[in-house]
Amino acid sequence: MAKEFDLNEVEVWDGNYAASQALRQAQIDVVAAYPITPSTPIVEGYGSYVANGYVDGEFVMVESEHGAMSGCVGAAASGGRVATATSSQGFALMVEVLYQASGMRLPIVLTVVNRALASPLNVRGDHSDMYLGRDSGWIQIDAFNPQEAYDLTLCAFRMGEHLDVRLPVMVHQDGFTTSHKAQNVTPLKDEVAYAFVGDYVPVNDMLDFSRPVTHGAQTEEDWHYEHKAKQHKALMDSRTVIDEVFADFKALTGREYKRVESYLMDDAEVAIVVLGSSVETAVLAAKQLREEEGIKAGVVSPRCFRPFPYDLVRDALDIPTLKAVSCLDKSAPGGAMGALFNEVSAAVYTTKARPMMTNYIYGLGGRDFAVDEAKRIFKEQKAHADAGHITTDIQQFSGLRGPKLGFFQTRRD
């Protein structure tokens, strides 16, 4: 029996410590991990809980992040509750096995502390690794601060392990901005947190010798298509379960989460769509612009990146007053529009309002995103709204030193 961990009503935790505490409270059977900056304190903290008797499960130190996710797949297929954490290059090394986990319908929880991908090497935070995982068949939930990193990690177990879902879940938080900056966090008591997560129910357990099963079978063209279609359907159907879990968590704690978060959008004329810790910066900028200059600015953030909530994004941006929207992508676009821009534009195309859409690339390699820059972007959107057309390049780089960089123009002839 694990020892009880004494928690205060309000703790001062950074995002890493908050995530590690949520993993401890979920009473995980196996954590297989290999440390990488800036997610190292999550598995380091979990290892200390094991060493000091606060966890009954196994902590497996492996030789790489590929080995970490492989160990998680084996443990989950054997019927255990399983989790790990990683970032950046470690995440990239895991990618092959991410597809194995989702294809085998294993509800592993992965805390991803988002960090730039090399080259050049960079340990600071952007969303390159989040975007890298977007087609891997995992549910992806985004935390904006340490409280949310704690809450959403607990929610992730309920989501992935639901018998109507049975899919792995990533919980994202921004490297250093969230993972290493401490804020007040209100945790649940251990017994309350575990009661919310619930007992683990194995499905197709390889160690259930009374009912032999095969994992990772080869299908080729005869059944591969149907398998992937069924997997996609499960991911899309998880939207209902995600909403139910959020509703249950609100009933328990009073803290409300939505798959799409909207701020000041009821009468907004211009808006920013953004992910992660930048949401709080954009909201502060919108409030100040409303108070100081009368610019009706709002913010929308898809908290659930996969399955992407097209209908909810559409509804959040289908505001009669809304004229111009800028999507902010914290990842190098690689020769295209930003990934978030493409997703949001697809949703906006189905609205009645059809606001003008522009794309900002920002914050690469941890470049700061300040309130003043958010205000500047809002004001640029206001200029589009006043002119009735996009007055700049559709894609621009925000906060870039040197000559202004922009691409793609609206054809008006």
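The values are calculated or read from the model by the stated rules, or taken from the named source; none is laboratory data. Everything numeric in this text was worked out from a predicted model, so none of it was measured. Glycine also receives a Cβ, built like all others from the backbone with ideal geometry; neighbour counts cover every protein chain displayed. The protein model used for the area step is the full one, side chains on, heavy atoms only, and it has no ligands, DNA or RNA in it. Shrake-Rupley method; radii C 1.70, N 1.55, O 1.52, S 1.80 Å.
Here are a few things to note about the model shown:
- The distance from the alpha carbon centre of region 239-317 to that of region 17-53 is 30 Å, rounded to a whole number.
- Residue separation of residue 318 and residue 181 scaled by 0.36 nm, minus their Cα-Cα distance, works out to 45.8 nm of gained length.
- Taking every DSSP beta bridge that has both ends in the chain, the antiparallel portion is near 25%.
- Gyration tensor verdict on region 115-266 (Cα atoms; rounded if a/c is under 1.5, prolate if a/b is larger than b/c, oblate otherwise): oblate
- For the chain, a Gaussian network of Cα nodes joined below 10 Å ranks 275, 252, 152 by mean-square fluctuation, and the top entry is 252.
- Taking a ≥ b ≥ c as the square roots of the eigenvalues of the Cα gyration tensor, an a/c ratio below 1.5 marks region 11-253 as rounded.
- Rounded to whole Hz, the Karplus (6.51, -1.76, 1.60) HN-Hα couplings of region 13-22, x for glycine and proline: 10, 8, x, 5, 5, 4, 5, 5, 5, 5
- Accessible carbon and sulfur surface of the chain relative to its total accessible area, %, 1.4 Å: 51 percent
- GNM top mover of 128, 277, 48 - the chain, alpha-carbon springs below 10 Å: 48
- The chain: relative contact order in percent, alpha carbon pairs under 8 Å with at least 6 residues between: 15 percent
- Overall, the anisotropy analysis places region 297-399 in the oblate class: the square-rooted eigenvalues a ≥ b ≥ c of its C-alpha gyration tensor yield a/c not less than 1.5, with a/b not exceeding b/c.
- Under DSSP loop assignment and at most 11 Cβ neighbours within 10 Å, longest chymotrypsin sites (Phe, Trp or Tyr not before Pro)-free interval of the chain: 1-208
- The residues of the chain present an accessible area of 43 Å² per residue when probed at 1.4 Å with all protein chains retained.
- Under DSSP loop assignment and at most 10 Cβ neighbours within 10 Å, longest trypsin sites (Lys or Arg not before Pro)-free interval of the chain: 1-351
- Table column - 3J(HN,Hα) (Hz), region 154-162, Karplus curve with 6.51, -1.76, 1.60, x for Gly and Pro: 4, 4, 4, 5, 4, 5, x, 7, 4
- Of 317, 289, 340, the residue with the greatest mean-square motion in the GNM of the chain, using alpha carbon springs below 10 Å, is 289.
- Cleavage-rule hits (GluC sites (Glu not before Pro)) in region 21-81: DSSP loop, at most 14 neighbouring Cβ within 10 angstrom: 63
- Taken along its principal axes, the alpha carbon cloud of region 33-150 reaches lengths of 39, 31, 29 Å, longest axis first.
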